[in-house]
1. Going through segment 229-250 one residue at a time, which ones are in contact with a helix residue (DSSP H, G or I) (Cβ under 6 Å, 6 or more places away or on another chain) and either hydroxyl-bearing (S, T, Y) or buried (at least 17 other Cβ atoms within 10 Å of the Cβ) (or both)?
2. Yes or no: segment 227-246 includes at least one residue that is under 21 Å from P117 (Cα atoms) and basic (K, R).
3. For segment 111-128, enumerate the residues that are modelled with pLDDT under 90 and out of contact with any Asp or Glu (no Cβ under 7 Å at 6 or more places or on another chain).
4. Being of a type in the set (D, E) and closer than 26 Å to Y155 by Cβ narrows it down to one of E244, E210, E248, so name that one.
5. Only one of (1) under 19 Å from D138 (Cα atoms); (2) in contact (Cβ under 8 Å) with a residue 12 or more places away in the chain is not met by I57, so which one is it?
6. Can you tell which of E33, E27 is in a helix (DSSP H, G or I) and in contact (Cβ under 8 Å) with a residue 12 or more places away in the chain?
7. Provide a single number: the residues in segment 30-58 that are more than 22 Å from F93 (Cβ to Cβ) and exposed (fewer than 13 other Cβ atoms within 10 Å of the Cβ).
Amino acid sequence: MKSILLTPLTKEVEIEYTQNLVQLSSERKNEIEEFWMEINQDGLFHRGEVFNVDSLIEQESLYKIMLNCTDYAHYLHTVRNHIADEEGCKVVFGAGLVETNDSKFVFGEMANHTAYPGRLQCVGGGLSWDDKKGNHFDIKESVLRELNEELGIDYSKHIEKCTPVFLKSGGTYDFLVILYHIKLKIPQEELIKHYQSFTEILFTKGEKPEFQNVIYLENNREAITSFFENDDRHCEDYLRPYLEEMTEQK
């Protein structure tokens with residue numbers, strides 16, 4: 001596994017779609033088909049498009065990420081089997097560390113009906129066609145959409161700023177993650193009430209929240225160290241180093 005690297009974002013990030021399909025060997029295609037038939041017997045997952053990182057090009061004024069297209073079966077086969085070879089699916093996504101205006105970091109534990117039950121992570125998720133403008137993707141729009149879907153936060157009402165701060169590379173699958181800091185206009189107490197109302201509305205519509213628990217942590221080194229030393233839940237590989245970096249920037 002490559003070491004996790006958080007690169008401060010002092011340049012723009014441009015994400016471009018090549019319109020090419022990922023090319024896989026016959027052997028890997030067969031592995032993915034067998035895996036998908038086994039894992040999706042209940043029809044829980046949808047085999048939609050997934051955008052795979054073809055290359056990352058660092059230029060003088062920007063990072064340029066070139067994407068091609070694969071599908072969710074390829075992606076899920078990669079992560080469930082811990083594949084890190086050249087035929088593994090490598091994605092880029094945005095993740096937002098939410099912080100209330102009384103200095104509480106906010107992230108969540110994924111619910112049992114999701115693809116990653118019990119995993120701790122910031123709000124965020126993969127790119128979709130909705131994020132594509134011409135041949136480029138708007139990853140900030142993706143993060144804000146996920147923020148609304150996962151916490152019920154409205155950009156126009158609740159957010160002071162949403163700033164990209166790090167480009168994460170390396171880690172378990174060498175996925176690229178654009179890490180955002182999302183500063184809210186409201187304190188923890190108000191967010192708790194807002195989230196409760198949000199989940200009640202979901203339940204009345206027959207839907208389930210994506211987070212089964214929301215975690216609130218003080219923005220200080222002691223609280224973060226204590227949390228990760230005493231909590232054994234699986235978490236996204238970027239989570240602890242990102243929280244520690246953001247604490248140091250306070």
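The values are calculated or read from the model by the stated rules, or taken from the named source; none is laboratory data. Every value quoted in this text rests on a predicted model; they were computed, and no experiment measured them. Cβ sites come from the backbone with ideal geometry, for glycine too, and all protein chains shown count toward neighbours.
1. Result: L243, T247.
2. Checked against the condition, which is being under 21 Å from P117 (Cα atoms) and basic (K, R), segment 227-246 yields at least one hit.
3. Step one: filter segment 111-128 for residues modelled with pLDDT under 90, giving 113-116, 125-126, 128.
Matches in segment 111-128: H113, A115, Y116, G126, S128.
4. Unique residue meeting the criteria: E210.
5. Failed condition: (2).
6. Details: E27 fails: in contact (Cβ under 8 Å) with a residue 12 or more places away in the chain.
After applying the criteria, what remains is E33.
7. 8
Every residue, every condition in (1) in contact with a helix residue (DSSP H, G or I) (Cβ under 8 Å, 6 or more places away or on another chain); (2) among the basic types (K, R); (3) crowded, with 20+ Cβ neighbours inside 10 Å; (4) in contact (Cβ under 8 Å) with a residue 40 or more places away in the chain, yes or no:
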{"position": "V165", "(1), (2), (3), (4)": "yes, no, no, yes"}
{"position": "G170", "(1), (2), (3), (4)": "no, no, no, yes"}
{"position": "F175", "(1), (2), (3), (4)": "no, no, yes, yes"}
{"position": "I182", "(1), (2), (3), (4)": "yes, no, yes, yes"}
{"position": "I186", "(1), (2), (3), (4)": "yes, no, no, yes"}
{"position": "E200", "(1), (2), (3), (4)": "no, no, no, no"}
